[in-house]
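To keep things clear, I will list the structure first and then write my remarks on it.
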There are 4 protein chains.
Amino acid sequence: MQNREHDSLESLKKVTRSFYPKDTVIVIPGAEDHAVGGGTLGIIAGPCAVENEDQIIAIANTVKSAGASFLRGGAFKLRTSPYSFQGMGGEGIKLLARAKKETGLSLVSEITEIKQLEYFDEIDIVQVGARNMQNFSLLKELGKNKKAVLLKRGQASTVTELLMAAEYIMNEGNENIILCERGVRTFETFSRSTLDIAAVPWLKQNTHLPVIVDPSHATGDAALVPAAAKAAVAAGADGLMIEVHNDPVHALCDGEQSLTPASFSDLMITLKKYTELEGKRL
Amino acid sequence: MQNREHDSLESLKKVTRSFYPKDTVIVIPGAEDHAVGGGTLGIIAGPCAVENEDQIIAIANTVKSAGASFLRGGAFKLRTSPYSFQGMGGEGIKLLARAKKETGLSLVSEITEIKQLEYFDEIDIVQVGARNMQNFSLLKELGKNKKAVLLKRGQASTVTELLMAAEYIMNEGNENIILCERGVRTFETFSRSTLDIAAVPWLKQNTHLPVIVDPSHATGDAALVPAAAKAAVAAGADGLMIEVHNDPVHALCDGEQSLTPASFSDLMITLKKYTELEGKRL
Amino acid sequence: MQNREHDSLESLKKVTRSFYPKDTVIVIPGAEDHAVGGGTLGIIAGPCAVENEDQIIAIANTVKSAGASFLRGGAFKLRTSPYSFQGMGGEGIKLLARAKKETGLSLVSEITEIKQLEYFDEIDIVQVGARNMQNFSLLKELGKNKKAVLLKRGQASTVTELLMAAEYIMNEGNENIILCERGVRTFETFSRSTLDIAAVPWLKQNTHLPVIVDPSHATGDAALVPAAAKAAVAAGADGLMIEVHNDPVHALCDGEQSLTPASFSDLMITLKKYTELEGKRL
Amino acid sequence: MQNREHDSLESLKKVTRSFYPKDTVIVIPGAEDHAVGGGTLGIIAGPCAVENEDQIIAIANTVKSAGASFLRGGAFKLRTSPYSFQGMGGEGIKLLARAKKETGLSLVSEITEIKQLEYFDEIDIVQVGARNMQNFSLLKELGKNKKAVLLKRGQASTVTELLMAAEYIMNEGNENIILCERGVRTFETFSRSTLDIAAVPWLKQNTHLPVIVDPSHATGDAALVPAAAKAAVAAGADGLMIEVHNDPVHALCDGEQSLTPASFSDLMITLKKYTELEGKRL
């Protein structure tokens, strides 16, 4: 059969270790201690969605004091239902920028359409969500940019397909890509997704790009997040993306999987030891 | 927990049978015998991708004489790898228009970005692929349009999520939506996806929108397409989308799942009997 | 790597079409019009579990008049929880034998341990449930017997593994095997399992053994059973196994997926037409 | 609906923390330092199958010096194909007993039929494989025994179903049960199964039984085993079951996922640190 879809690891080029044998490290310009990879465990924490100024500033201060380098917060949300909260949009981004100014944290926020990029000047890492992992138009446009991209694995995507999606970005010239394992969809229902922990060492062996884990979306349950986070570090992840909310019970989205400030602080103390055992630093 | 994501059937509004108890029928303006639903089994056939004028005209004539009402052909392709054939773009759409002029077939083609809509004047039904089922920006824009939308189920999406995606379109004012079951991703490997045949009666019982089946992508194997197509009709589908290629071995994509003109003609003869048994017409 | 597990179709021997190019037909000795395969659509119907004499006799008469050839009924049940109804055991088998005597129906019942075989004299087809598909000890013992075996596909088993399980039986000398597709486990929840309809033509192309479908367990929903049953016939199945109960609401197991006598009779009238269209007889 | 199958956590009784709030610890009579749970990380290591005396003695000495307490080795094998190596049977058990005598290691071996129990006198922990997790006859018989049971999760079984299977054993009087997460079946193919790491904390929160992880079967790839093993300890597992072979390339089964003696020794050194970080001992 001629011209079949390339779907094997062999058809990959730029994201592989044979193309670039060293580890790609994502460093934020102007905040060089904020990094993902190369021995630094990048901690990205914050709420599912930016809800208002008080909320985002309070959480930013909280995650900063616990030791995070990056604040996450959704402004443009992808929701399964059109009747769910869709995010604050550009206003949400402005509030993130204010939190950055106040805390010095670097910022991660999700883009859902390329035209939103105009709002992303203050955002340090542009997140592509699981549902958009194969939105190739968006990937190509982000590839023409130099801003770092955090690419989440699709819920039904193989790790090879994740690498191919990264290849779309890198093929356009942008090498600043972080891969994020966030669970795959299976028959199991106790957790929101099934965290594919073995994807971490597999990816580390096959690509030079940094690999982080999102234990919050993977498990969907705050009670399971700490164990999943520790496991991710032990499996070799270069970072974690953790949902933290000052008031999970009243969160506008994903409250059930958000850590409280106190439990996040406790987790960070534990994670520090695991990070050191891996020969890395927070 | 307040404000959690609406993910149950109860949160749906406009796509449900309780909102609109009759069957929505998609009829092509100016070609009223080209319909999907309401007792007409809409047959959409053609190649995965438009490759050149000779190819698309030859296939159009073939599927027309076999009894199809709609010609499908991809111009803007979504491919897992950036190194796969990405489609002819606007030129491909022009060739489809030429085939329409010559045969009178109505047209179905996939859109991957809203800005491509300017090319779609001659396209009668705009297809949203499985990977874009939750590209909500695209869905909203198509909802503001009146052109019929063929919405394919995502590979890891539940039928409830498919209905919610349709709700995004309908909520913006466009009721001309066809749902397409095309298989879900499972552990099984003999077929490309696992055709969820029971989704057809479930959807028919829960939504007024027409439901078609794509046995080509579901099975990924031309040898399994006829049985899957017959099963779809027997399960109550309102239409079928079938890949046909004049030269499958040299097709630029999906050759292995494309029927030859001869096998498509044979299948249509068989399908006619099953359609009549269901009290429908081709 | 030496001596790795054989897991490809190539390692199969006796169950393949290359070993035996004709279709294996299961005919019940002494009731030769009760058959599965070879142009006869074998209809197996009855309750999940034998509950008492009145129940099983009433249902037997019902399914007999509707046109079924086989009565099913569980006496030794496999239940996920030890606190669920575990079946009537040997007493249940006796009641089945009484129903056979009264109606002339042939019998299908599930075995869960080889030592139960002593009770199975009057049972014409011994069923191996999905959970036991890879209980190789049981398969081998049944292979030493001549009684027909109905082998259900495991919920997480590939069709190749189903054929390998059949190979265990056939390798011991018993060729009287019926394969049963009953749905696989996926992320989807509207149905109990996901009916893998394309497995039917795939199996028919790759094995000489007859292939039936169990739309009741596959869908787990009586409202979906008729469409799934029709689809199975259209896909080329050699038979159907359908749960029927005279009082589904009070059934001791699987009531929600059991057809009433009336809906089963209606379905049989419809199925007759589909069967004829396939060039087969009931 | 009356009398439906109990499939929720609420229907569980004896395996839950509300029944027994402390941690069940499995201690081997006569070798009290060989334990699983209660602060001891039980390490079970050895080959997939016992192949001959030299092999099993050599591996036993190896895993003993690296710090394992338990030797595993299959004598009665469950293989997908009847043409694969089926194990040495009773002879294999005898060789395990010889290895026990020489090294003092406690023994773990899989049972596939209850009648094999007569061979298991020297076996300290009887393993029930993933394919037999719902072989309820076997579970009930093992429940009447006092020997510890290592119950592996089925490839398509939920954690709730795993607990229900354990309930079958415990309901007969045997509380000496170890649960084993060994990966579930998903669409992903880079690993043999998908290790469900979040099942570890979920189980630890919901049952008093010890929970171990089998990173060898979960990943199916020796290159992924160390990271998966570390992750399991970090996630709170009470033990690990790891395949080790003195000559993986020539192993009669599962060679590709077996660690060499050297890599196992290295891993044990690393695991010791993670175990201590968890406040446990090897």
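The values are calculated or read from the model by the stated rules, or taken from the named source; none is laboratory data. If you're wondering where the values come from, they're calculated on a predicted model, not measured in any experiment. Note that each Cβ is placed from the backbone with ideal geometry, even for glycine, and that neighbours are counted across all protein chains shown. Ligands, DNA and RNA are stripped out before the accessible areas are found, and what is left, the full protein with its side chains, is counted by its heavy atoms. Shrake-Rupley method; radii C 1.70, N 1.55, O 1.52, S 1.80 Å.
Do the conditions hold for A:Gln116, that is, is it at the interface with another protein chain (Cβ under 10 Å from one of its Cβ atoms), in contact with a Phe, Trp or Tyr (Cβ under 9 Å, 6 or more places away or on another chain) and open to solvent by 20 Å² or more (accessible area, probe 1.4 Å)?
For A:Gln116, the condition - at the interface with another protein chain (Cβ under 10 Å from one of its Cβ atoms), in contact with a Phe, Trp or Tyr (Cβ under 9 Å, 6 or more places away or on another chain) and open to solvent by 20 Å² or more (accessible area, probe 1.4 Å) - is not met.
I want to confirm something. Restricting to the stretch D:155-194 and keeping residues that are at the interface with chain C (Cβ under 10 Å from one of its Cβ atoms) and in contact with a Pro (Cβ under 6 Å, 6 or more places away or on another chain), which single residue is farthest from C:Thr158 (Cα to Cα)?
Top of the filtered list is D:Asn171.
Does any residue in the stretch B:245-273 that is within 14 Å of chain A (Cβ to nearest Cβ) and free of Cβ contacts under 8 Å to residues at least 40 places away in the same chain come within less than 6 Å, Cβ to Cβ, of a residue that is open to solvent by 40 Å² or more (accessible area, probe 1.4 Å) and hydroxyl-bearing (Ser, Thr, Tyr) six or more places away or on a different chain, and which pairs are these?
none
For the stretch D:69-79, give me each residue that is open to solvent by 10 Å² or more (accessible area, probe 1.4 Å), touching a helix residue (DSSP H, G or I) at 6+ places or on another chain (Cβ under 7 Å) and not aromatic (Phe, Trp, Tyr).
Once the filter is applied, which keeps residues that are open to solvent by 10 Å² or more (accessible area, probe 1.4 Å), touching a helix residue (DSSP H, G or I) at 6+ places or on another chain (Cβ under 7 Å) and not aromatic (Phe, Trp, Tyr), the stretch D:69-79 yields only D:Leu78.
Taking the stretch D:254-272 as the search range and keeping residues that are surrounded by fewer than 23 Cβ atoms within 10 Å (Cβ to Cβ) and within 15 Å of D:Arg192 (Cβ to Cβ), which one is modelled with the lowest pLDDT?
D:Gly255
Just to confirm my filter: which strands (runs of 3 or more DSSP E) fall fully inside the stretch C:117-220 and include at least 3 residues that are under 30 Å from C:Arg98 (Cα atoms) and β-branched (Val, Ile, Thr)?
C:125-128, C:211-213
Can you find a residue that is among the acidic types (Asp, Glu) and crowded, with 22+ Cβ neighbours inside 10 Å anywhere in the stretch D:84-96?
No, the conditions are met nowhere in the stretch D:84-96.
Among the residues of the stretch C:231-241, is there at least one that is more than 11 Å from every other protein chain (Cβ to nearest Cβ), more than 25 Å from B:Glu161 (Cβ to Cβ) and either surrounded by fewer than 24 Cβ atoms within 10 Å (Cβ to Cβ) or in contact with a Lys or Arg (Cβ under 9 Å, 6 or more places away or on another chain) (or both)?
Checked against the condition, which is being more than 11 Å from every other protein chain (Cβ to nearest Cβ), more than 25 Å from B:Glu161 (Cβ to Cβ) and either surrounded by fewer than 24 Cβ atoms within 10 Å (Cβ to Cβ) or in contact with a Lys or Arg (Cβ under 9 Å, 6 or more places away or on another chain) (or both), the stretch C:231-241 yields at least one hit.
Does B:Ile197 fit the bill of being crowded, with 24+ Cβ neighbours inside 10 Å, more than 9 Å from chain A (Cβ to nearest Cβ) and over 26 Å from A:Phe187 (Cβ atoms)?
Considered against the rule, which asks whether it is crowded, with 24+ Cβ neighbours inside 10 Å, more than 9 Å from chain A (Cβ to nearest Cβ) and over 26 Å from A:Phe187 (Cβ atoms), B:Ile197 comes out as no.
Can you find a residue that is open to solvent by 10 Å² or more (accessible area, probe 1.4 Å) and facing another protein chain (nearest Cβ under 9 Å) anywhere in the stretch B:208-218?
no
Determine which member of the set B:Val249, B:Val233 is modelled with pLDDT of 95 or more and either assigned to a loop (DSSP other than H, G, I, E, B) or not aromatic (Phe, Trp, Tyr) (or both).
B:Val233
Of these, D:Ala166, D:Ala228, which one is farther than 20 Å from D:Arg131 by Cα and buried (at least 24 other Cβ atoms within 10 Å of the Cβ)?
The match here is D:Ala228.
I need a count of the residues in the stretch B:194-208 that are in contact with a Gly (Cβ under 8 Å, 6 or more places away or on another chain) and more than 12 Å from C:Ala198 (Cα to Cα).
Number of matching residues: 3.
Go through the stretch B:18-51 and give me each residue that's surrounded by fewer than 22 Cβ atoms within 10 Å (Cβ to Cβ), on the phi < 0 side of the Ramachandran plot and assigned to a loop (DSSP other than H, G, I, E, B).
Within the stretch B:18-51, B:Ser18, B:Phe19, B:Tyr20, B:Pro21, B:Lys22, B:Asp23, B:Thr24, B:Val25, B:Pro29 qualify.
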